[in-house]
Amino acid sequence: MLVTKYVFQPHGDYRGQLIALEEFKDIPFRIKRVYYMYDTADGFVRGKHAHKNLEQILVCIHGSCKIKLDNGYEQKVVPLEKPYEGLYVPNNMWREMYDFSEGAVLLVFASELYDASDYIRDYDEFLEFVKNDKKE
Ligand code: T46
């Protein structure tokens, strides 16, 4: 399974680091929504769903966490631990976020507005969905 990780260019100087992200340049889609999670309770797993139509870039801008990606055929665990690394998560991809370090902040750039009906929250339904998608 191909996993795409972006390495963003920091504009560093003697004051510290700054990263600027622009749609279609650094982020490969129009950014319609940005959200972030923090204060994640110890031991909890977030996500556990897939999207039918949503592209995202995940950046752990502080601390670290792990992302499990599953396309219905293969699984991969991607650690996110650098504020200059972004993980691309396409549609039809089951995702789980876990192992958040203390103080971790996970920032997400999304290609679509929030739409509760775009989520597939049942794993068997997800497997069925990707199987049928491949047939088309
Ligand atoms: C994803 C992973 C990486 C909103 O009202 N608007 C939003 O844009 C989002 C993302 C969430 N919410 C509400 C819906 C729930 O009541 O916030 C609450 C927590 O959302 P959820 O349980 O979906 O959070 P995660 O961390 O399981 O999943 C989120 C995104 O929802 C999802 O699209 O890919 O992060």
Hey, if you put +1 on the Cβ of every Lys and Arg and -1 on every Asp and Glu Cβ in the chain, which of 120, 92, 4 ends up farthest toward the positive end of that dipole? 4
Provide, for q = 0.23, 0.26 Å⁻¹, the log10 of I(q)/I(0) from a solvent-free Debye sum over equal Cα point scatterers in the range 65-136. -1.19, -1.32
Cα-Cα pairs in the chain separated by more than 22 Å, as a whole percent of all pairs, come to 39
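Based on the mean of other beta carbon atoms within 10 Å per residue, what is the order of 54-67, 13-26, most packed first?
Highest to lowest by the protection proxy: 54-67, 13-26.
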Residue among 51, 83, 35 farthest towards the positive dipole end of the chain, charges placed on Cβ: 83
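When ligands, DNA and RNA are left out and all protein chains stay put, how many square angstrom of accessible area per residue does the range 41-91 have with a 1.4 Å probe? Could you put the intermediate results ahead of the total?
On the way: 2490 Å² over 51 residues.
Per residue, the range 41-91 has 49 Å² of solvent-accessible surface.
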Under the definition of Cα pairs under 8 Å and six or more residues apart, what whole-number percent is the relative contact order of the chain? 33
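As a test of the formula, what do you get for the chain when each DSSP H run with n ≥ 4 contributes -39,500 (n - 2.57) and the sum is divided by the residue count, at 222 nm and rounded to the nearest 500 deg cm²/dmol?
Theoretical 222 nm ellipticity from helices: -3000 deg cm²/dmol.
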Between residue 18 and residue 76, what is the label-to-label distance in nm when each label sits 7 Å out along the Cα-to-Cβ direction? 3.3
Roughly speaking, what is the centre-to-centre gap between the range 95-136 and the range 2-22 when only Cα atoms are used, to the nearest Å? 25
In the range 8-48, what percent of the accessible surface is made up of carbon and sulfur (1.4 Å probe, ligands and nucleic acids excluded)? 49
Please give the length that would be gained between residue 44 and residue 30 if that part of the chain were fully extended, namely 0.36 nm times their separation in residues minus their C-alpha to C-alpha distance (nm, one decimal). 2.0 nm
If you place +1 on the Cβ of every Lys and Arg, -1 on the Cβ of every Asp and Glu, and leave all else neutral, what size is the dipole of the chain about its Cα centre, to the nearest 20 Debye? 220
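The values are calculated or read from the model by the stated rules, or taken from the named source; none is laboratory data. Because the structure is predicted, anything quoted here is derived from the model rather than measured. Positions of Cβ are generated from backbone atoms using ideal geometry, with glycine treated the same way; all protein chains shown enter the neighbour counts. Protein only, heavy atoms only, side chains kept; ligands, DNA and RNA dropped before computing areas. Shrake-Rupley method; radii C 1.70, N 1.55, O 1.52, S 1.80 Å.
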